Amino acid sequence: MIHAIVLALLVALAGLTPSPSRAAGKDFVIGMSGDATSLNPVIATDGRSYIAEWPLFDSLVELDQGLNVKPLLAESWEVSRDGLTYTFKLKRGVKWHDGKPFTARDVAFTFYSVLDPKVTTPHRAYFDALAGFPELTAKENPKKAEKRKFAVKKTIGTGPFKLVEWRRGERLVMEANPEYHGGRPALDRLILRIIPDSVVLLQELRGGGVDFIENPPLTEVARLKQTPNLKVLVADNTSYTYFGWRQDLAPFTDVKVRRALYHAIDVPSIVREVLQGYAAISTGQFPPASWAFDPSVKPYAYDPARAKALLAEAGFKPGPDGVLVKDGKRFSFSVRHDQANQTEKDTAVIIQEYLKRIGVEVQLEPLDWPTFVKKLFASDFEGIVVAWTNHHDPDPFAYTIWHSSQWKLRNFAHYKNPKVDEALEAARRTGNTAERKKHYAEFSKLLMEDAPYVFLYFPQQVYVTRAGYEGFVPVPTFAGIYQSLKTVRWTGK
């Protein structure tokens, strides 16, 4: 048994190019728009990597379809009366992919790796409430656990599938783990093909080159639902898409400018036209289904006239070419986005047009996913259209995105507000849900007043799979469906 704060690191999936030799119903081919940047769950920072890790690594606990926590590697746990100590009893007989037994030392190793200041990880801030955190993260002499051979060179987990091949930018291949503690998966192999072009990806699905895709062009969903050999699955989401910018770069340092950009964009129209209604309008960090959601917080109304007035108050005047100018500098900036995500690409194009109408010039810069992620975490951008994967509990992403101590990690937009810091810290100092809800309500109000992003939408997760595959569980959190790959089976029906 081990003592620790409970927080499961989410992990995910796999793939290969199809060939005549792949076995129908036994090789499950998933078409993905981008490759993982890492298969190490301690350091991975992006959604593609989380998806690729799901079948390889199990966590202590997992979520069911109602977002309730249930056992996985931990068969049970107890909480002390003061709520400060969690004691986990690990499931017996679990083995790593290399045949070695899974023990409490391995769990400790993972925690120590996250806490090691020499390791670049977005997860460290989740644990700063741990007793002894300053000592555990001391730069000169951090406490370490016994190292395992698998930790450096090889991708070895305890999950239902084993990694056998990774050709970057092309495919990942995983084979069923015959000694998986939950029973051998019904599928023999998972084959993850990297296909950045959404049109080609859809063609591959229709032509039989892949068995499963996520985020098809939403204008095609109605037609896909009518296709006899295909099946559409839909799940709600904790992930939200936003239009953001560097908070510490002029003119975004001026709250009038930020609010003007919010007023300039008709978010409900984007949801109707780009998302085809498969989304909920975002009013901040938390989805409408979250207990932390505050319905009293409203987004800025679409009001181009108000947007122009605010920009005038901020000192901008029309230039000779129609672009606003202040102190001799045109209001012109670049917006980067993932070139393979058609929904985000279309959203960026519409935002560009809306801002042009109020005198703001935007140059769109589509990038491949690994390059885009690298630039995000280096704060190498002016504007961005991207999504946060988010978490079913408010703390992990709210704290790491918005607390001012996190500038070198998820707070790469460099947001800073002492009152927001205070609300986030207060929310993680108590285990009482009602108290936490009060602090998160204050946080949400402050965030909307600051307008640090244009919060756009929580897109529903839309998946298309070949008819005949059963066993999917569309858990309503980012990429939650991938945790059910261990139960997917071919029925042929």
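The values are calculated or read from the model by the stated rules, or taken from the named source; none is laboratory data. Just so you know, these numbers come straight off a predicted model, no measurement behind them. Positions of Cβ are backbone-derived with ideal geometry, glycine not excepted, and every protein chain shown enters the neighbour counts. Heads up: the accessible areas ignore ligands, DNA and RNA and are worked out on the full protein's heavy atoms, side chains in. Shrake-Rupley method; radii C 1.70, N 1.55, O 1.52, S 1.80 Å.
For this structure, a couple of remarks:
- Selection within segment 276-291 - among the aromatic types (Phe, Trp, Tyr) and either surrounded by fewer than 22 Cβ atoms within 10 Å (Cβ to Cβ) or under 20 Å from residue 342 (Cβ atoms) (or both): 278, 291
- Residues satisfying the stated conditions in segment 97-126, i.e. touching a helix residue (DSSP H, G or I) at 6+ places or on another chain (Cβ under 7 Å), buried (at least 20 other Cβ atoms within 10 Å of the Cβ) and not in a helix (DSSP H, G or I): 121, 122, 123
- Tally of residues being surrounded by 14 or more Cβ atoms within 10 Å (Cβ to Cβ) and not in a strand (DSSP E or B) across segment 69-96: 5
- Cβ-Cβ contacts under 7 Å between residues 6 or more apart (or on different chains), taken from a first residue in segment 292-307 that is open to solvent by 70 Å² or more (accessible area, probe 1.4 Å) to a second residue that is part of a loop (DSSP other than H, G, I, E, B), are listed as 298/283; 302/265; 302/266.
- Taken over segment 464-485, the criterion of being over 18 Å from residue 69 (Cα atoms) and either assigned to a helix (DSSP H, G or I) or among the charged types (D, E, K, R) (or both) is satisfied by 466, 470, 485.
Per-residue answers, yes or no, for (1) touching an Asp or Glu at 6+ places or on another chain (Cβ under 9 Å); (2) modelled with pLDDT under 95:
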position	(1), (2)
291	no, yes
302	yes, no
307	no, no
311	no, no
314	yes, no
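- Residues that are assigned to a strand (DSSP E or B) and either surrounded by fewer than 19 Cβ atoms within 10 Å (Cβ to Cβ) or at pLDDT 95 or above (or both) within segment 197-229 comprise 212, 213, listed in sequence order.
- Scanning segment 431-478 for residues that are free of Cβ contacts under 8 Å to residues at least 24 places away in the same chain and of a type outside the set (D, E, K, R) yields 432, 434, 439.
- Some residue of segment 437-456 being at pLDDT below 95, more than 26 Å from residue 59 (Cβ to Cβ) and open to solvent by 50 Å² or more (accessible area, probe 1.4 Å): no
- Breaking point among (1) within 30 Å of residue 399 (Cβ to Cβ); (2) of a type outside the set (Ser, Thr, Tyr); (3) part of a loop (DSSP other than H, G, I, E, B), for residue 268: (3)
- Boolean, residue 336 is charged (D, E, K, R), buried (at least 21 other Cβ atoms within 10 Å of the Cβ) and free of Cβ contacts under 8 Å to residues at least 60 places away in the same chain: yes
- Filter result for residue 377 (at negative phi, within 15 Å of the chain's Cα centre (by Cα) and open to solvent by 20 Å² or more (accessible area, probe 1.4 Å)): yes
- Residue count, segment 251-265 (criterion: open to solvent by less than 10 Å² (accessible area, probe 1.4 Å) and free of Cβ contacts under 8 Å to residues at least 12 places away in the same chain): 1
- Scanning segment 232-244 for residues that are surrounded by 18 or more Cβ atoms within 10 Å (Cβ to Cβ) and modelled with pLDDT of 95 or more gives 240, 241, 242, 243, 244.
- Qualifying positions in segment 347-366 - crowded, with 18+ Cβ neighbours inside 10 Å and either part of a strand (DSSP E or B) or among the acidic types (Asp, Glu) (or both): 362
Every residue, every condition in (1) within 19 Å of residue 285 (Cα to Cα); (2) in contact (Cβ under 8 Å) with a residue 24 or more places away in the chain, yes or no:
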position: 227; (1), (2): no, no
position: 231; (1), (2): no, yes
position: 241; (1), (2): yes, yes
position: 244; (1), (2): yes, yes
position: 249; (1), (2): no, yes
position: 267; (1), (2): yes, yes
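- When residue 59 is tested against (1) hydroxyl-bearing (Ser, Thr, Tyr); (2) open to solvent by 40 Å² or more (accessible area, probe 1.4 Å); (3) under 19 Å from residue 181 (Cα atoms), just one condition goes unmet, and that condition is (2).
- Here segment 479-493 is the region considered, the condition is being in contact (Cβ under 8 Å) with a residue 40 or more places away in the chain and farther than 19 Å from residue 159 by Cα, and the residue that is surrounded by the fewest Cβ atoms within 10 Å (Cβ to Cβ) is 492.
- Breaking point among (1) more than 18 Å from residue 295 (Cα to Cα); (2) in a helix (DSSP H, G or I); (3) touching a strand residue (DSSP E or B) at 6+ places or on another chain (Cβ under 9 Å), for residue 425: (3)
- Criterion (basic (Lys, Arg) and under 18 Å from residue 388 (Cβ atoms)) met by exactly one of 438, 408: 408
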